[in-house]
Amino acid sequence: MSEPSPDRVLPPVVASLDTAWTALSARLEGLTDEELTWEPVDGCWTVREVDGAWTADWADPDPVPAPVTTITWRLWHLAVDCFDSYSSSLFGDRGTGLTGRTWVGDAATACASLGRAWSVFRSGVAGWDDDRLWRPLGPAWGSAADKTNLDLALHAERELIHHGAEIALLRDLHAAAHGARIG
């Protein structure tokens, strides 16, 4: 049995990615610098200014239990750690120009940077052909080497939905804690 054709598989994958992106981008409208860095509990992972550079908290391996993370940390994770990392390996391009734990310090720049990282990733995925869609990621991807590009696109969608929902919840909690209302 042959692989399904990308003209039957890729369009719904891209449409689903777009739906997840639209939901998150709508929830990011009006994000403030205060919300960006709000720490709802002690010990949050966030992005801190260290020696004049904004740097995401990180540990390898992840601590157990994993710490609660701020909106800025989640935006960094999506933009740099996910979309840009994947795009760099898959397409040789990054939307933010940032690598590693480097991030930005204000809401407007963070949202714009995430948008650029998303755009590069989404454009690359939308441009795949049949061969590229089903191609294994390869040895550079370590334990995921046998996974396909399609698997990675679906993983990126899970990351977008997962962290997008957490960002939305953090905004709601911040609003409730500060007597505000998000539209």
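Of the residues 85, 89, the single one that is without any contact (Cβ under 8 Å) to a residue 60 or more places away in the chain, touching a helix residue (DSSP H, G or I) at 6+ places or on another chain (Cβ under 7 Å), over 25 Å from residue 176 (Cα atoms) and part of a helix (DSSP H, G or I) is 89. Could you count how many residues in region 130-143 are surrounded by fewer than 16 Cβ atoms within 10 Å (Cβ to Cβ) and touching a strand residue (DSSP E or B) at 6+ places or on another chain (Cβ under 9 Å)? Matching residues across region 130-143 total 2. Could you please let me know if residue 116 is assigned to a helix (DSSP H, G or I) and touching a Gly at 6+ places or on another chain (Cβ under 6 Å)? In short, yes.
The single condition among (1) buried (at least 22 other Cβ atoms within 10 Å of the Cβ); (2) without any contact (Cβ under 8 Å) to a residue 60 or more places away in the chain; (3) among the β-branched types (Val, Ile, Thr) that residue 70 does not meet is (2).
Just to be sure before I move on: is residue 118 within 21 Å of residue 58 (Cα to Cα), touching a residue at least 12 places away in the same chain (Cβ under 8 Å) and of a type in the set (Phe, Trp, Tyr) in the structure I sent? In short, no.
Conditions tested, residue by residue: (1) more than 21 Å from residue 156 (Cα to Cα); (2) modelled with pLDDT under 95; (3) of a type in the set (S, T, N, Q).
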{"site": "22", "(1), (2), (3)": "no, no, yes"}
{"site": "25", "(1), (2), (3)": "no, no, yes"}
{"site": "60", "(1), (2), (3)": "no, yes, no"}
{"site": "70", "(1), (2), (3)": "no, no, yes"}
{"site": "73", "(1), (2), (3)": "no, no, no"}
{"site": "91", "(1), (2), (3)": "no, no, no"}
{"site": "100", "(1), (2), (3)": "no, no, no"}
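What about residue 173, is it surrounded by 19 or more Cβ atoms within 10 Å (Cβ to Cβ), on the phi < 0 side of the Ramachandran plot and not charged (D, E, K, R)? It is false that residue 173 is surrounded by 19 or more Cβ atoms within 10 Å (Cβ to Cβ), on the phi < 0 side of the Ramachandran plot and not charged (D, E, K, R). Within region 47-82, if we keep just the residues that are touching a Lys or Arg at 6+ places or on another chain (Cβ under 9 Å), assigned to a helix (DSSP H, G or I) and of a type outside the set (A, V, I, L, M), the residue that is farthest from residue 123 (Cα to Cα) turns out to be 76. Here residue 99 meets each of (1) under 19 Å from residue 53 (Cβ atoms); (2) assigned to a helix (DSSP H, G or I) with one exception, condition (2).
Yes/no matrix, rows are residues, columns are (1) under 17 Å from residue 163 (Cα atoms); (2) within 14 Å of the chain's Cα centre (by Cα); (3) not acidic (Asp, Glu):
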| site | (1), (2), (3) |
| --- | --- |
| 70 | yes, yes, yes |
| 73 | yes, yes, yes |
| 76 | yes, yes, yes |
| 82 | yes, yes, yes |
| 85 | yes, yes, yes |
| 90 | no, no, yes |
| 99 | no, yes, yes |
| 104 | no, no, yes |
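Once region 39-62 is narrowed to residues that are closer than 19 Å to residue 171 by Cα and under 19 Å from the mean Cα position of the chain (by Cα), the residue that is surrounded by the most Cβ atoms within 10 Å (Cβ to Cβ) is 47. Taken over region 122-131, the criterion of being farther than 21 Å from residue 29 by Cβ and either part of a helix (DSSP H, G or I) or basic (Lys, Arg) (or both) is satisfied by 123, 124, 125, 126, 130, 131. Within region 171-182, residues that are under 15 Å from residue 70 (Cβ atoms) and in a helix (DSSP H, G or I) reach partners that are at pLDDT 80 or above and acidic (Asp, Glu) with beta carbons closer than 7 Å, at six or more positions or on different chains, in the pairs 171/35; 174/35.
The values are calculated or read from the model by the stated rules, or taken from the named source; none is laboratory data. As the structure is a prediction and not an experimental result, all values here were calculated from the model. Here the Cβ is made from the backbone with ideal geometry for all residues, glycine too, and neighbour counts use every protein chain on show.
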